[in-house]
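The values are calculated or read from the model by the stated rules, or taken from the named source; none is laboratory data. If you're wondering where the values come from, they're calculated on a predicted model, not measured in any experiment. Note that each Cβ is placed from the backbone with ideal geometry, even for glycine, and that neighbours are counted across all protein chains shown.
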Amino acid sequence: MIKLPELLAPAGTLDAFKTAILYGADAIYAGLPGFSMRARAKITTEEVKQGIELAHAAGKRVYLAFNLFAHEREYANMPRVSAVIDYLRPDALIVADPGVMMWVREHHPDIPIHVSTQANICSSASVKFWQNAGAKLCVLAREVPFNEFREIRAACPDVGLEIFVHGAMCMSYSGRCLLSNFITGRPSNRGACAQLCRWKYDAILRETQSGVEMPLEEDARGAYIMNSRDLCLMPRLAEIIAAHPDSLKIEGRNRSEYYVAMVTNAYRCALDAYAADPDNFDPASFMDLLNKLETRGYTTAFFDGNLGPSAHDYETTRSTSDWHAAGVVTAVDADKITLELRNELRADTDITFVLPGVIGGATVHLNQIINAKNGDALPKMSAGQHNSVTIPRAWISPENWEKIAPCVVAYQHK
């Protein structure tokens, strides 16, 4: 029997927790409220508690990110942090700062420690350092190429290794970017990054003595000089599984439940398909689902070594996809479902529900746009303010109806 790696999904909201559970994540990671790299994530301590309880009830694990680089002043708050950790009871804490790791070992010795990608672990020597310091798992830096991962795995057989397989790429070294801090005062390591790498830049040459300026004109490659495409290792998933990582991580604690659903479902289905028939595994159908996401385009990044020109999109930061979210199911009744909109819907169009554990989905033709508040038929409805539509059971095939539940997402053509 093939041993599959854990599929680890992000949750920045309670809805994302529910979505990750529904779509087959083995484990979920969230922020320790106020004390992680995504400190701006919109989730409260009570919501994290509820998410952990839901996950544990479903047999899933939850890891909390405590991966800030702590300043001296912040250690005064550690007694309050300790009380929150005791209250939440996560399955592991994700840390990056050696001082924070020592504090966790002293005050919470029974909680496993995972070392964050923020620690920039790129070698077996670094893995062994953190293992000797008490780590149960190390998240390798995105900059580690696959051939080096295999070497690290061989040299470190008795410690957990985790790699990123999907999500946004930082233009700096695993998040060690100070552009946001310097230009806007928003610290990237505290989840407040202004993403200056996504900005369009004008470059001007200035002659120092005369002060004469000469602008550099944009060429065919564009002016988004630091704009990385999104990481996607689905095309190389078979190789990755065969190399025996312990966990595959999906980036995105600040992403929507639609993103969590689409990516988790694609990788869950792909992992299960590989386990069922590894010799005939084909990633094409799973890539088709990932292409329904709004994305900057995909790259395998450092998987094969140094980056090439195709790892960046110099022309635009806009999505390259022709699809986007239609909505999220919020209620299922005997004769209808309620779909809360994420983008405008129009009458006489198709939407496709993403069914958990299924790649093909369920396409439904919307004969009318029925306002869920009053039953009025409308030509269209915009998203926002919890605007929702009713979809009658009669519009959905019986075999698909049974698979639609709250938190199921739907997409549509733009």
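With Thr352, Thr300 as the choices, which residue is under 30 Å from Ala394 (Cβ atoms) and of a type in the set (S, T, N, Q)? Can you show your working first?
Values: Thr300 fails: under 30 Å from Ala394 (Cβ atoms).
After ruling out the rest, the residue left standing is Thr352.
Take the residues in the range 146-163 that are under 21 Å from Ala96 (Cα atoms) and in contact (Cβ under 8 Å) with a residue 40 or more places away in the chain, then tell me which one is farthest from the chain's Cα centre (by Cα).
Among those that are under 21 Å from Ala96 (Cα atoms) and in contact (Cβ under 8 Å) with a residue 40 or more places away in the chain, it is Arg153.
With assigned to a loop (DSSP other than H, G, I, E, B), in contact (Cβ under 8 Å) with a residue 60 or more places away in the chain and among the hydrophobic types (A, V, I, L, M, F, W, C) as the only criterion, which of Ile359, Ile337 stands out?
Result of the check over Ile359, Ile337: Ile359.
Suppose we filter the range 26-65 for residues that are part of a loop (DSSP other than H, G, I, E, B), over 17 Å from the mean Cα position of the chain (by Cα) and either aliphatic (A, V, I, L, M) or at pLDDT below 95 (or both); how many remain?
Qualifying residue count for the region: 5.
Across the range 8-17, which residue is nearest to Val408 (Cα to Cα) among those that are touching a Leu at 6+ places or on another chain (Cβ under 9 Å) and crowded, with 24+ Cβ neighbours inside 10 Å?
Only one residue fits best here, namely Phe17.
How about the range 388-408: which of its residues are farther than 24 Å from Ala377 by Cβ and under 29 Å from the mean Cα position of the chain (by Cα)?
Selection gives Glu402, Lys403, Ala405, Pro406, Cys407.
Here is a check on your reading of the model: is Asp279 in contact with a His (Cβ under 7 Å, 6 or more places away or on another chain), surrounded by fewer than 21 Cβ atoms within 10 Å (Cβ to Cβ) and of a type in the set (Asp, Glu)?
No, not satisfied.
Which ones in the range 370-383 are exposed (fewer than 13 other Cβ atoms within 10 Å of the Cβ), assigned to a loop (DSSP other than H, G, I, E, B) and in contact (Cβ under 8 Å) with a residue 24 or more places away in the chain?
Keep residues of the range 370-383 that are exposed (fewer than 13 other Cβ atoms within 10 Å of the Cβ), which gives 373-377, 379-380, 382.
From what is left, the residues that are assigned to a loop (DSSP other than H, G, I, E, B) are 373-376, 379, 382.
If the condition is that a residue be exposed (fewer than 13 other Cβ atoms within 10 Å of the Cβ), assigned to a loop (DSSP other than H, G, I, E, B) and in contact (Cβ under 8 Å) with a residue 24 or more places away in the chain, then Pro379, Ser382 are the ones that fit.
Only one residue in Ala243, Ala261, Ala266 is in the same structural domain as Pro145 (by TED's automatic domain parsing) and surrounded by fewer than 20 Cβ atoms within 10 Å (Cβ to Cβ). Which one?
Ala243
I'd like the full set of residues that are surrounded by 13 or more Cβ atoms within 10 Å (Cβ to Cβ) and more than 30 Å from Lys414 (Cα to Cα), limited to the range 282-313.
Phe302, Phe303, Leu307, listed by residue number.
If Asn374 passes every condition in (1) more than 20 Å from Glu294 (Cα to Cα); (2) modelled with pLDDT under 95; (3) not hydrophobic (A, V, I, L, M, F, W, C) but one, which one does it miss?
Of everything listed in (1) more than 20 Å from Glu294 (Cα to Cα); (2) modelled with pLDDT under 95; (3) not hydrophobic (A, V, I, L, M, F, W, C), Asn374 misses just condition (2).
Does Asn265 satisfy being under 20 Å from Arg61 (Cα atoms), in a loop (DSSP other than H, G, I, E, B) and not hydrophobic (A, V, I, L, M, F, W, C)?
So Asn265 does not fit the description; no.
In the list Phe149, Phe164, which residue meets the criterion of being of a type in the set (Phe, Trp, Tyr) and not in a helix (DSSP H, G or I)?
Matching residue, one of Phe149, Phe164: Phe164.
Considering only residues that are at pLDDT 75 or above, surrounded by 15 or more Cβ atoms within 10 Å (Cβ to Cβ) and basic (Lys, Arg), which ones fall in the range 164-218?
Result: Arg186, single match.
Being outside any helix (DSSP H, G or I), touching a Gly at 6+ places or on another chain (Cβ under 7 Å) and buried (at least 19 other Cβ atoms within 10 Å of the Cβ) is the filter here, so list the residues in the range 111-137 that pass it.
The answer is Ile113, Leu137.
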